[in-house]
Structures are given as structure tokens and as C-alpha cells.
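One structure is given here, and the rest of the page talks about it.
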Amino acid sequence: MNYNVNEKGYYGDFGGAYIPEMLYPNVLELRENYLKITAEPAFKKEFDELLKAYVGRPTPLYFAKRLSEKYNTKIYLKREDLCHTGAHKVNNTIGQILLAKRLGKTRIIAETGAGQHGVATATVCALMGIECIVYMGELDIKRQAPNVARMKMLGAEVRPAQSGSKTLKDATNEAIRDWINNPVDTHYIIGSVVGPHPYPDMVARFQSVISEETKWQLMEQEGRDYPDHVIACVGGGSNAAGLYYHYLNDERVNIIAVEAAGKGIDTGESAATSALGKEGIIHGSKTLLMQTPDGQITEPYSISAGLDYPGVGPMHAHLFRSKRAEFISIPDQEAMDWGLTLSQMEGIIPAIETAHAFAALDVRKFGPNEIIVFNCSGRGDKDLDTYIDYFKL
Amino acid sequence: MNRIDRAFQSDKRLLSIYFSAGYPNLEDTVPILKKLQEAGVDMVEIGLPFSDPLADGPTIQESSTKALRNGMTTEKLFTQLQGIRNEIDIPLVLMGYFNPMMQYGIESFCQKCQAIGIDGLIIPDLPVDVYHEHYKEMFTKYGLYNMFLITPQTPDERIRYIDKVSNGFIYMVSSASVTGAKNTFGTVQTDYFKRIVEMQLNTPTIVGFGISNAATYKAATENARGAIIGSAFIKWLHTHGVEKIEEFIHPLKSS
């Protein structure tokens with residue numbers, strides 16, 4: 001089986017472009033150009049140079065010695081938390097801003113939940129001197145004040161999404177509406193492997209630098225370019241898509257996806273889409289999403305704002321249904337505890353999203369000679385308030 | 001004959017009204033339909049509320065959210081519309097997003113529509129090619145028309161394709177916008193209306209989005225067979241309630 005997108009924009013049963021006709025020209029323009037433009041040597045050169053000099057790539061593949069000893073296995077961390085702006089998100093925004101420039105776009109819009117993608121977008125817009133508007137749920141604006149301030153400082157306009165539940169999915173709706181109203185001069189930088197084709201594939205390709213580097217870094221350190229397991233947290237799924245990308249069709253590599261169980265799968269306050277979701281359409285993509293029996297999209301919950309998206313990207317829906325990936329879900333409490341564990345055992349304070357991934361070590365057994373690569377996707381600075389409240393620091 | 005085709009057989013301009021089922025109150029759906037028919041409206045689009053209506057502006061998003069809070073569901077709407085054909089003879093179109101229909105089951109949904117006497121569907125996020133490949137046969141089996149949108153940005157070639165696949169009418173979105181966004185038409189719109197007229201399509205066209213008063217209604221229907229009013233009608237309902245619908249319709253019909 002091939003786990004990459006097919007020529008029609010589907011991953012198995014999932015994907016496609018279920019968009020209103022008003023968006024058709026915008027999406028068509030992208031679909032016809034994204035592969036061509038990103039394959040141009042001049043594009044690649046500029047992208048690679050920015051990733052190196054501006055983002056700080058390659059990020060280290062770090063052997064976590066103490067953690068490996070404790071769990072009697074070989075644990076590596078792909079240090080995306082060391083990227084400029086504090087997470088992997090910037091890999092994608094650099095790629096998309098370069099693409100937008102080549103398409104002649106003069107205005108950028110984005111959606112953001114916790115604000116990480118908003119900051120990464122505002123950053124590259126500042127870098128390129130392009131107007132930037134970030135849609136953010138009114139509730140999230142209140143919850144994530146430091147990131148709102150960062151975006152403003154970077155020169156972006158933060159527009160509150162006041163419709164629906166006033167969170168990430170509504171911010172995404174507002175960004176899509178903006179794009180409908182401004183079809184010619186505007187590019188919409190989606191932050192995850194979600195949305196209509198070609199977004200899931202395009203974002204996955206920009207994030208694929210994560211597994212591209214992992215391959216040669218593992219070769220240097222282990223004498224083989226593949227691990228036994230790759231593990232990442234999944235909200236929409238962009239950091240996971242980046243880590244899995246070059247191993248999708250390599251069956252020697254086991255793929256593990258960690259979702260946020262929130263307060264528990266059966267509590268009604270969860271973001272574990274693979275367990276709770278049903279096939280449907282969200283933001284232009286056919287995928288698994290959390291919804292009422294009547295097909296209304298529901299509001300997910302997780303202590304980490306970056307994982308509370310009611311769907312998953314179509315690639316992940318396909319990995320789940322085809323059983324190519326193992327999906328597990330981790331409740332708030334265990335993720336928070338892992339935030340402390342990683343801090344105190346390796347000196348790395350992870351984002352709460354990232355902390356979810358590590359909890360896989362408690363859920364399943366790994367052999368002493370097995371090599372595991374975790375995507376250490378983001379750093380915990382942005383979550384300090386939550387950590388302070390939770391642990392009474 | 002499908003009631004939509006029957007409506008287009010007459011020479012007059014067609015006024016079509018959109019509202020969200022279950023708004024302002026859950027049980028207003030049928031009373032609104034009756035009032036609209038009495039006031040001389042030629043066709044109605046009944047909006048099936050959705051939590052995430054991304055092609056709609058703030059007015060319809062709000063009426064949709066309110067309707068859901070009132071308890072509107074697909075099943076509830078079908079129950080309300082049971083027997084509607086004893087009282088309402090004008091064409092009825094259901095307009096809604098694809099996800100709730102998928103969850104109901106597309107075939108069951110179509111079956112139910114036929115049983116009630118729905119004439120057609122407008123599903124903004126079901127692209128024409130997906131419809132053509134996967135659903136056209138089923139819709140046809142249950143006697144349902146499916147209407148598509150075109151915009152000023154839709155290339156001629158694609159308009160031709162939509163014209164070929166369409167039945168009923170083509171829904172001309174007046175500008176590149178979500179519903180309810182504009183109040184007047186500029187030269188971009190009128191040039192676009194003229195371009196479509198010159199294409200001499202087989203399917204009749206109706207203009208929607210941004211029509212709010214007699215002036216925009218008149219301008220729209222100079223270049224198309226009819227016009228659809230949604231957000232402006234919902235705002236009227238919000239302020240004046242169901243009883244005064246005739247006062248909203250009258251100036252339009254006599255413009």
C-alpha cells in the first residue's frame with residue numbers, strides 16, 4: 001500500500017477538496033503550482049538557506065541517555081523545539097511564504113489556536129515584509145495572551161473569531177471566509193496537514209525535512225537510517241506528518257500517533273479523534289472528525305491548545321484506518337507529568353502537546369535494542385502559565 | 001415536471017428566499033414557508049443549519065447557530081416538513097453543507113427529500129466533479145435537482161462544465177464573497193452578469209449573495225432569471241418576526 005497522497009488528492013478514503021465554488025480558483029492555483037514551484041532549484045535553494053541560517057536547521061537528533069536507561073531502550077529526540085519561534089511550525093510557514101511570493105501574493109492570512117502557528121506566520125511575514133492577518137478564536141485570544149502580544153510585536157493584525165465556539169475551528173472558518181472574500185491577492189497559510197488538497201500534502205512536504213534529517217542523523221549515530229518506531233503527538237498532525245513522511249512506506253518502521261484524551265475518552269472532554277471521530281467533512285477535507293450524530297462538529301478539549309482540533313489530517317485518518325499506525329491517547333494528567341519528567345531527566349521543558357508523545361513509553365513496551373525517535377516538536381515556554389497553575393510552581 | 005422547471009417556464013422574474021430552518025424559533029419553519037408563499041415568493045431555499053458554515057457570512061452563521069441551539073436537526077426538519085405539499089406548491093430547495101447529509105446517509109437523505117416533495121438541493125461544499133462522479137445517479141433516481149454555484153472568478157470552461165452537469169438553475173454568486181457581504185453592485189458585478197448572459201447557457205441563472213433591497217434585486221434580475229435573498233431576510237426576521245414577512249416581500253415584488 002502507498003501511504004502518500006494520490007493524484008486526486010486522496011489518502012485512501014480520505015482527503016480531497018470539499019470546498020465551495022468560491023474557493024475553487026484559489027485552490028486550483030495552488031494545486032497546479034505547488035509541486036512545480038517547490039521543485040525549482042531556486043526555490044529549494046532559498047528554502048534550504050532559510051531553514052539553515054534563519055530557523056537553525058538541521059535540528060539535533062539527541063540521544064536521551066537517562067531516559068533510555070530508565071526505559072531500557074534507545075530513545076532519540078528530534079529537537080524541533082530548537083527551531084526559531086520554538087516549534088516545528090516555522091518549517092511550513094517558511095515554505096508557504098516563499099510559495100506565496102512566487103504566486104505574486106501580497107497579503108497573508110492564517111488561523112491559529114494556541115498561537116504557535118500564528119507566531120510562525122507573523123514571523124515569516126515580517127521577514128518578507130508582507131501584510132499578515134491572523135484569525136484567532138476570541139476565547140483563545142484571552143487564554144494565550146503572550147502569543148497574541150508576540151504576533152502584534154511582529155507586525156501582524158490579530159482578528160478575533162467571534163462565531164461558533166470562538167476557538168480554532170472557528171478561526172479556521174473565518175480565515176477561509178477571508179480567503180473567499182479576497183481570492184486574488186491573498187494566500188492562506190494553513191498551519192497543519194488539514195484543509196482541502198493540496199494543503200495536507202503541501203504542509204507534509206514542508207515538514208518532511210524532519211524525517212529527511214532524521215535519516216542521515218540516524219545513519220551517523222546508529223549506522224542505519226531508520227528507527228524501529230517513530231512517535232509524535234497528533235492534533236491536526238503536522239509535526240507527526242513531518243516525522244513519518246520518509247518512513248510512511250518503510251514497513252520496517254512502526255508508526256505511533258499520540259492523541260490527547262483530555263479528561264478521558266468517555267468524559268465528553270477529549271480530543272482523541274481516532275477513538276471518538278467519524279468519517280465526515282471538515283474544512284474542505286474528508287477525514288475523521290468529532291461530531292454529533294446529526295453531523296454538527298463538536299468542540300474538542302485538551303489541556304494543550306495545540307491538540308484540541310476536532311479532526312485529524314486525512315493522511316492520519318488513512319494511517320489509522322489502514323492500521324499502518326498505532327493510535328494511542330493520553331489524558332491531561334499523564335501528559336503534564338511527562339512535562340516534568342522530561343524536564344528533570346533530560347533538562348528539556350517540552351510543550352504540553354509534545355509531552356503527550358512521551359507518555360507512549362508508559363503505554364507500551366519497547367525492546368532494549370529498539371531505536372525510537374520522538375518528535376520533540378515544541379518547547380514549553382509558551383505553557384509556563386499552565387505548568388505553574390498545575391504544579392503550583 | 002420538477003417544480004423548479006415549472007417556475008422557470010413563466011416569463012416573470014423569480015424571487016427566491018433563503019432562511020435557516022428553526023430560526024428564529026424551532027417551530028417557525030412551516031409558518032415562514034406559508035407566509036412566503038402567500039406573499040408571492042416564487043421559490044424557497046430552506047437552510048439546513050450547520051455548525052461550521054464556511055461559505056456563509058455572519059448573519060447566516062448566527063441564524064444557523066441559533067437554530068441549532070433551538071434544537072434543529074436534520075430529522076427534526078424532515079418531521080416539520082412532513083405533509084408540507086398539502087399546503088405549499090412553490091419549489092422547495094434544501095440548502096445545506098455536506099457533512100450533516102453524510103451522517104444522515106446520502107441515500108436516506110435523498111429518499112426522505114423525495115417523500116416530502118423537495119425539488120432540489122444546494123450543497124455549497126460538494127464540488128461539481130465529486131457530485132458528477134459519485135452522487136448524480138442517486139439524486140436523479142430520487143428526482144432531486146442539484147444546483148451549483150459560479151462566481152466572477154469561475155473560468156468560462158468550468159462554467160460550461162457546470163452548465164452541462166446542472167439541472168434546475170445555476171446559482172450565480174454576485175461577487176467573490178461569503179453570503180451577505182455586499183450592499184451594492186459595482187462594475188465588476190455587472191460586467192460579470194453580462195459575461196454570463198453572453199455565454200448563452202442552457203441552464204437558467206439566478207443571482208445570489210449581496211442582494212438586500214429592491215435596488216439590488218432589480219439590478220440582479222436585469223441580467224438573470226431571478227434572485228435569491230438570504231441574509232437581508234434573516235435580519236428582517238430577527239427584527240420584525242414571522243408575522244410581517246409580507247412587508248419585506250412586497251417592495252421587492254413590486255420593484
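We did not get these values from a lab; they are worked out from the coordinates using the rules stated. Fair warning: this is a prediction, and the values are worked out from it, not measured in the lab. Cβ coordinates were reconstructed from backbone atoms using ideal geometry, including for glycine residues, and neighbour counts include every protein chain displayed.
Descriptive notes on the structure:
- At R0 = 30 Å, FRET efficiency that the Cβ-Cβ distance of B:Lys235 and B:Glu107 yields, to 0.05: 0.25
- Cβ neighbours within 10 Å from other chains - mean over B:94-100: 5
- For region B:1-46, the residue among B:Tyr18, B:Met43, B:Phe8 whose Cα projects farthest onto the positive side of the dipole built from Cβ charges is B:Phe8.
- Test item: B:139-152 mean partner chain Cβ contacts at 10 Å: 1
- Listed values for region B:63-80 are Karplus-derived 3J(HN,Hα) couplings in whole Hz (6.51 cos²θ - 1.76 cosθ + 1.60, θ = phi - 60°), namely 5, 5, 4, 5, 4, 5, 5, 5, x, 5, 9, 4, 4, 4, 4, 4, 5, 4, and x replaces Gly and Pro.
- Per-residue ellipticity at 222 nm from helix content only, as computed over the protein assembly as shown with -39500 (n - 2.57) for each DSSP H run of at least four residues, stands at -12500 deg cm²/dmol.
- Applying 1/(1 + (r/R0)^6) with R0 = 25 Å to the Cβ-Cβ distance of A:Asn181 and A:Glu32 gives a FRET efficiency near 0.65.
- For the residue pairs A:Lys52/A:Lys89; B:Lys218/B:Lys253; B:Lys112/B:Lys235; A:Lys8/A:Lys286; B:Lys35/B:Lys253, the C-alpha atoms sit more than 18 angstrom apart in B:Lys112/B:Lys235.
- With each label modelled as a point 7 angstrom along the Cα→C-beta vector, the B:Glu133-B:Val165 pair spans 1.0 nm.
- Extension gain for A:Leu103-A:Lys65 works out to 9.1 nm (0.36 nm per residue, less the C-alpha to C-alpha distance).
- Given +1 at the Cβ of Lys and Arg, -1 at the Cβ of Asp and Glu and no other charges, the dipole of region B:13-253 around its Cα centre is 280 debye to the nearest 20.
- ³J(HN,Hα), Karplus 6.51/-1.76/1.60, whole Hz, each residue of region B:24-29, x for Gly, Pro: x, 10, 3, 8, 7, 3
- GNM flexibility winner over chain A from A:Gly280, A:Gly235, A:Gly104 (Cα, springs under 10 Å): A:Gly104
- Taken as Cα centroids, region A:44-61 and region B:193-221 sit 51 Å apart, rounded to the nearest whole angstrom.
- Student exercise, the protein assembly as shown dipole from Lys, Arg, Asp, Glu Cβ charges, in Debye to nearest 20: 580 debye
- Cβ-Cβ FRET estimate between B:Glu27 and A:Asn72, R0 fixed at 56 Å, reported to 0.05: 0.30
- Residue among A:Gly378, A:Gly264, A:Gly223 with the largest mean-square fluctuation in a Gaussian network model of chain A, springs linking Cα atoms under 10 Å: A:Gly223
- With each label modelled as a point 7 angstrom along the Cα→C-beta vector, the B:Lys34-A:Asp13 pair spans 4.4 nm.
- Between A:Gln221 and A:Arg321, the simple label model (points 7 Å from Cα in the Cβ direction) yields a spacing of 3.6 nm.
- Shielding of A:173-182 by partner chains, average beta-carbon count, 10 Å: 5
- Other-chain or far-sequence residues with amide H under 5 Å of A:Arg107's (modelled H): A:His187
- C-alpha center-to-center spacing [region A:206-235, region B:111-130] in angstrom: 47 Å
- Positive-pole candidate from B:Thr74, B:Pro100, B:Pro58, dipole of region B:13-253, charges at beta carbon: B:Pro58
- Within-14-Å neighbourhood charge of B:His240 [Cβ basis; K, R +1; D, E -1]: -1
- Taking amide H as placed 1.01 Å from N in the peptide plane, the amide H of B:Leu201 sits under 5 Å from none that are at least 5 places away or on another chain.
- No Cys partner within the rule (Cβ under 4.7 Å), the protein assembly as shown: A:Cys83, A:Cys233, A:Cys376, B:Cys110, B:Cys113
- For region B:213-220, 3J(HN,Hα) per residue [Karplus equation, 6.51 cos²θ - 1.76 cosθ + 1.60, θ = phi - 60°, Hz, x = Gly/Pro]: 8, 4, 5, 6, 4, 5, 4, 5
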